[in-house]
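Scroll down for the structure; my scribbles are underneath it.
The values are calculated or read from the model by the stated rules, or taken from the named source; none is laboratory data. Fair warning: this is a prediction, and the values are worked out from it, not measured in the lab. With ideal geometry, Cβ positions are generated from the backbone for all residues, glycine too; neighbour counts draw on all protein chains shown. Protein only, heavy atoms only, side chains kept; ligands, DNA and RNA dropped before computing areas. Shrake-Rupley method; radii C 1.70, N 1.55, O 1.52, S 1.80 Å.
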Amino acid sequence: MKPAPFDYVRAESVHHAVRLLAENKDGARIIAGGQSLMTAMNFRMSSPALLVDIGELEHLRDITLTADARLRIGALTRHADLDASPDIAAHTPLLRKAIRHVAHTAIRNRGTFGGSLSHADPASELPACVMALDATIHIVGPDGDRVVPARHFFTGVHETALGAGEVLVAVELDVIKADEVSGFGEFARRQGDYAMVGLAAHGRIAAGLLTAVDLAFFAVGSTPILARRAAAALVDPATPDPAQRLQRAREALSLDLDPPDDPQSSAAMRMELARVLLGRVVGDMLARGAGA
Amino acid sequence: MMSDRAPVPPLALDRPNSYIGRSVPRPNARRLVQGRGHYTDDVAAPAGVLHAAFLRSPYAHARITHIDVAAAKAAPGVALVVTGAEIDQVCEPWVGVLSHFKGLRSATQHALAVDHVVWQGEPVVGVAALTRAMAEDALSLIEIAYAELPPVTDPDAALLPESPLIHPELGSNLAFALTVESGDAEAAFRDAHTVVSGDFRFGRHSPVTLEARSVLADFNPSERRLTVHQSTQTPYQMQDIYARHLGLPQANVHVIAKDVGGSFGMKLHVYGDEVATVAMSVILGRAVKFIADRLESFPSDIHARDHRVRARMAVAADGEITAMIVDDLTGVGAFSAYPRTSAVEGNQAIRLMGGPYKLRHYSGNLRVVFQNKAVMSQYRAVGHPIACGVTEALVDQAAAAIGLDPLEFRRRNLLTDDVYPYTSPTGYLFERLSHHQCVDKLERLMDYPALRADQAEARTKGVVRGIGFAVFIEITNPGPAFYGVGGARITAQDGCVLTLEPSGNIRCAVSVTEQGQGTEAIMAQIAASAVGVRIEDVRVITGDTAATPYGGATWASRGAGIGGETVLITGKALRANLLRLAGILLQMPPDNLDISDGLIVDNATGRERITLQELARIAYYRPDTLPQGVQAELTAAHHHVPRGQPFAFTNGIQASHVEVDVESGFVRLLNHWVVEDCGRVINPLLVDEQIRGGVVQGIGAALFEECLYSEQGQLLNGTLADYLVPMASEMPDIHVDHVSTPTLHSELGAKGVGEAGTAGAAAAVLNAINDALQPFGARLSQMPATPERILRALGKLAG
Ligand SMILES: Cc1cc2nc3c(=O)[nH]c(=O)nc-3n(C[C@H](O)[C@H](O)[C@H](O)COP(=O)(O)OP(=O)(O)OC[C@H]3O[C@@H](n4cnc5c(N)ncnc54)[C@H](O)[C@@H]3O)c2cc1C
């Protein structure tokens, strides 16, 4: 379990990193927290010739409130930073809820927000959160800057909209509003494990009923999946009874999701857990009410 | 906490300064916690050391048609590339059979596969290079052509006439079969009031030691001397293996096992990659090191368990268990392990069935089969969790069928205090067990009535809880006829050399070894107590064939009971030597003197007469002042093997309290209790931690651990991300208490404790889950009880 030989450069700026990637085409990779990349390299599943370390670009670690009341989270924000930040807790409680399900303390101390999104593990928590929150992904590349909606960012298992030579620099999202509520839940065999099934949800509430909701399920497909039919059932004005809405949503879920079989869990099991999770997360959101 | 039914017999160690029964801290704890442990990988490597890596078979079953190592040989930093045939030229292959398992068969196993690979992960080519990374780079340049053969993975299918043969020379895939009959089980079933039965499955486990298998071999051709640092439980066994298989005089082989980071039985088997590493050192005349990484540990460390058991229990109208009939099929992978064989697990499982209970009619049938999977062999609590899991599940079913509380049902059937010494239907001899005291104590400890009340109350709120019990017996302190009797050069005795050093300190060299369980602390306690010195003044030396006497070391829960008794006997002998010398110096009869806290004292008054330090000074540096003809004997040496009984059986009971989420199938462990009887408790802290560690492994079996193989024999979850070891967050509090029934076959009275936790924990947890599921009409008889299996049992998943 030793990586194949590789070179290493510490990037001095984002543009330096972009240049190094461009100069080394296929053979170069960004390294951020290294928590996923080093494992892949040790397994020799990934053998980049050059590692471009963006770890010292401190400004990529900032969490700031922008003029237009959005929260901008730098790509190098550590999972532990998300957990500790009062801004995150106040303005995007979903991330705060989710982050404690990501791995263990030691990994959260090094793993980064940008790394997690770029790595795009289908069982990861943060990709589902940014989809539920309809965040935007900010990218710098050889052709300049661009912004991709999170809902278009994840394209497959470990595959994203990031092009060759591009660096994810930040995520932006709306701060939570007074009538909004978010919910999070997952089933993992052990504390800190990747989820068997997870759900990140964000919605609006009025008079004890959801009026809008986004449900991003993860570990049920090659990317996080927005369960649109279930979401529609949950906010269906024609169904006033929340229990009935939930029942319909649970039924609709099998149209939204088509989870895979794998050695750890059958598709039927994942589907059942997704239904259970839907009930619990929505129940929790309704119980807590808006603003959290 | 100790509680005594009968008073513990008086002991020479019940002295004012005795450390027996005290939770003294481990002398090595500070060192280990500060990261100053000295594991094999920490050994300062000899100059020119090379690092080994192995190319392993990607197939479960295949012929090797061609191997091309030319590019690897030319790769940077590579000193040697070897195939199985080349290793065979310096190292004799082996066959994992012993004569006392009649009919046990296995095939010739080469250190590296020759022509034929029989499991995915079997080492095929070895590379020694300047760094491990270079060795791995070279591996990627080796080309091996395989012709795939149909794999045998399912144990039932392995015995079908049309099954492919793993070792054609054996004529079938059957490794071993055994039938154990006592009384008339069939008749008892005909007469039974109630019969309960089940088909049980126990998953395959990987031991997952913190420190992976590690070996550093250094062959010096000028003297034909071989030094091997190895993470092993059994330095002397390995010395013998290396000497015989590499054709070296035993005296030329030096095996050192300093700190060992866990072993659980996994580190006493012979592994091809380790032997090949040593052979490479012999070929090169250079040091070669091999540290297994996790990716190769999973498919190459021995696996454990893997049983399918069909069992029935017959019960009379009054609730008396009368008989059991058991059929156990176990898959041991591609070979029977060397040198201890893979028959022991099944042999113990089939003989331990029903062991705590009074039933006299028993019929057990064991079949052990080969499969194209990693070798399965002895691992903590060999066979016990299978026997306990099956028996205790049937006991719960029988109690429910008869309409009795499970604890009450056990009380009616457990062996009573008046039967000892007792020979079980399967031939095990129990000197004295304490089942009923353990049950009583457990019932109080867990406040059983309150838990049942809580269960009923919780159920009204839709919270589903369950309580499960498991009574267990444990084989410990194996006697003289264990492996040696079958022709293995594995000793059942231990040796100890105790010396009063010039400083006045005691040096204790003993053949038992430290795996992280605290053996050295126990030995220091016993030596200090037996001689009469402070524990700080005892230095214990283990794990070095050049520094300790020949002995069996660590396996089968024998360290404290056998090694400890050896130290006790030796300590008393040294004390007698020192008192004799002191008597001469002080011109007093030695009987009037004693040693206490490192001082020679007047027996009657306790008054200090002379320090041991002073005695040592005179003996070593001023022997001229001793009377003519007096020789100071400052060293005592003894060997000891338990005689009188084949094993010192221990017993106990465990209970588990769980909450089952019947929507998701997830289980939360609320609490776990153990009351056990390991005889005399030498160090309560260490005993409790042995129990807790063992329970955690049992919980792993019950809920988490399972090596998943594809039908093609590919290990599907061979990483720490995929193979679920039990972790702290999911563990319940584990409450431990003791009953103490010392064995009278030794002065110390200590029995083993290392495997008790593992023996019973899984059964208790599964019974608790089934207790919780009982109102839903669901029952599980497969471990691990994964959420998916629980939902399936509840009928919540289609297909
Ligand atoms: C034992 C263990 C358990 C874990 N459990 C979980 C879990 O439960 N949930 C979970 O979500 N994660 C889990 N992880 C993964 C962890 O969260 C990782 O930290 C994260 O997925 C990757 O972040 P990183 O900063 O370490 O990225 P790295 O490992 O440095 O990089 C990962 C990939 O992203 C690319 N990359 C990184 N940063 C950028 C960037 N700014 N722009 C472009 N590309 C970039 C790299 O080139 C690489 O391909 C676990 C990891 C371990 C080791």
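For segment B:429-506, the pair-distance distribution built from all alpha carbon pairs, in bins 5 Å wide starting at 0, is 3, 9, 11, 10, 9, 9, 9, 10, 9, 7, 6, 5, 2, 1, 0 percent. With N as its number of residues, segment B:405-536 has a Cα radius of gyration that, divided by 2.2 N^0.38 Å, comes to 1.64. Remark: accessible surface ordering of B:K73, B:K461 (largest first) is B:K461, B:K73, probe radius 1.4 Å.
Of the residues A:T223, A:T239, A:T112, the one that moves most in a GNM of chain A with alpha-carbon contacts below 10 Å is A:T239.
Each 10 Å bin from 0 upward holds the following percent of the Cα-Cα pairs of segment B:514-655: 10, 35, 29, 18, 6, 1, 0. Quick one: grab the alpha carbon gyration tensor of segment B:5-154, order the square roots of its eigenvalues as a ≥ b ≥ c, and give me rounded if a/c is under 1.5, else prolate or oblate depending on whether a/b is larger than b/c. Oblate is the answer for segment B:5-154, as a/c is 1.5 or above yet b/c matches or exceeds a/b.
Can you give the Rg/Rh ratio of chain B, where Rg is from the C-alpha atoms and Rh is the Kirkwood radius?
Numbers: Rg = 27.5 Å, Rh = 27.7 Å.
Rg/Rh for chain B comes to 0.99.
Here B:E711 sits with roughly 150 square angstrom of accessible surface, probe radius 1.4 Å. Each of A:R146, B:R36, B:R668 has its accessible area taken with a 1.4 Å probe; listed largest first, they run B:R36, B:R668, A:R146. When the P(r) of segment A:234-281 is calculated, the portion above 11 Å amounts to 67% of the C-alpha pairs. Rounded, prolate or oblate: which fits segment A:44-87 when a ≥ b ≥ c are the square roots of the eigenvalues of the alpha-carbon gyration tensor, with rounded for a/c under 1.5 and prolate only if a/b beats b/c? Since a/c reaches 1.5 and a/b is larger than b/c, the shape of segment A:44-87 is classed as prolate. Between the alpha-carbon centres of segment A:209-263 and segment B:241-310 there is a gap of 53 Å. Applying 1/(1 + (r/R0)^6) with r as the Cβ-Cβ distance of B:E633 and B:S503 and R0 = 25 angstrom yields a FRET efficiency of 0.90.
Over chain A, consider all pairs of different Cα atoms and compute the Kirkwood hydrodynamic radius from their mean reciprocal separation; express it in Å, one decimal. It would help to have the intermediate numbers written out before the result.
Working: mean 1/r = 0.0511 Å⁻¹.
Evaluated on chain A, it is 19.6 Å.
Average projection, convex hull of the Cα set of segment B:118-223: 15.2 square nanometres. Here segment A:182-291 is described by how far its Cα atoms reach on the three principal axes: 43, 27, 20 Å, from widest to narrowest.
Taking all protein chains together and rolling a 1.4 Å probe, A:D53 ends up with roughly 20 Å² accessible.
Summed over both chains, the accessible area lost when A and B associate is about 2300 Å², using a 1.4 Å probe. Overall dimensions of segment B:171-281, expressed as equivalent-ellipsoid semi-axes from the Cα gyration tensor (√(5λ), whole Å, largest first), are 45, 18, 13. Phi angles of segment B:155-171 translate, via the Karplus equation with coefficients 6.51, -1.76, 1.60 and θ = phi - 60°, into HN-Hα couplings of x, 5, 5, 4, 9, 5, x, 8, 5, x, 9, 6, 10, x, 5, 8, x Hz per residue; Gly and Pro are given as x.
Coupling constants for segment B:342-349 follow from the phi torsions by the Karplus curve (6.51 cos²θ - 1.76 cosθ + 1.60, θ = phi - 60°), and in residue order they are 9, 8, 5, 4, x, 4, 6, 4 Hz; glycine and proline get x. From the Kirkwood radius over Cα pairs of segment B:711-799, Stokes-Einstein at 4 °C and 1.567 mPa s returns a whole-number translational diffusion coefficient of 76 µm²/s. Straight-line cross-link partners of B:K461 among the lysines, defined as a Cα under 23 Å from its Cα and at least 8 positions apart when in the same chain: B:K796.
In vacuo Debye scattering of segment B:55-117, one point per C-alpha: log10 I(q)/I(0) at q = 0.14, 0.22 Å⁻¹? Evaluating at q = 0.14, 0.22 Å⁻¹ gives log10 I(q)/I(0) of -0.55, -1.03. Debye-formula intensities of the protein assembly as shown, expressed as log10 I(q)/I(0) at q = 0.09 Å⁻¹, are -1.16 (one equal scatterer per alpha-carbon, no solvent). Largest GNM mean-square fluctuation across A:S266, A:S36, A:S182, computed for chain A with C-alpha springs under 10 Å, falls on A:S266. The lysines whose alpha-carbon is closer than 30 Å to the alpha-carbon of B:K289, local same-chain residues fewer than 8 away aside, are A:K2, B:K73, B:K258, B:K267, B:K373. Over the protein assembly as shown, dividing the summed -39,500 (n - 2.57) contributions of all DSSP H runs of at least 4 residues by the number of residues returns a 222 nm mean residue ellipticity of -8500 deg cm²/dmol. Of the whole protein surface, B:S172 contributes about 40 Å² of accessible area at a 1.4 Å probe radius.
When only alpha carbons of segment A:7-53 are considered, Rg and Dmax amount to 10.4, 30 Å. According to the Cα-based calculation, Rg over Rh for segment A:105-190 is 0.99, with Rh computed by the Kirkwood formula.
Let me check against my output: what whole-number percent is the relative contact order of chain A, with C-alpha pairs under 8 Å and at least 6 apart? It would help to have the intermediate numbers written out before the result.
Details: 652 pairs, mean separation 44.8, N = 292.
Relative contact order for chain A comes out at 15 percent.
One Cα centroid belongs to segment A:135-154, the other to segment B:373-427; the line between them spans 63 Å. Of all segments of chain A bounded by GluC sites (Glu not before Pro) found in a DSSP loop with no more than 12 other C-beta atoms within 10 Å, the longest spans A:57-292.
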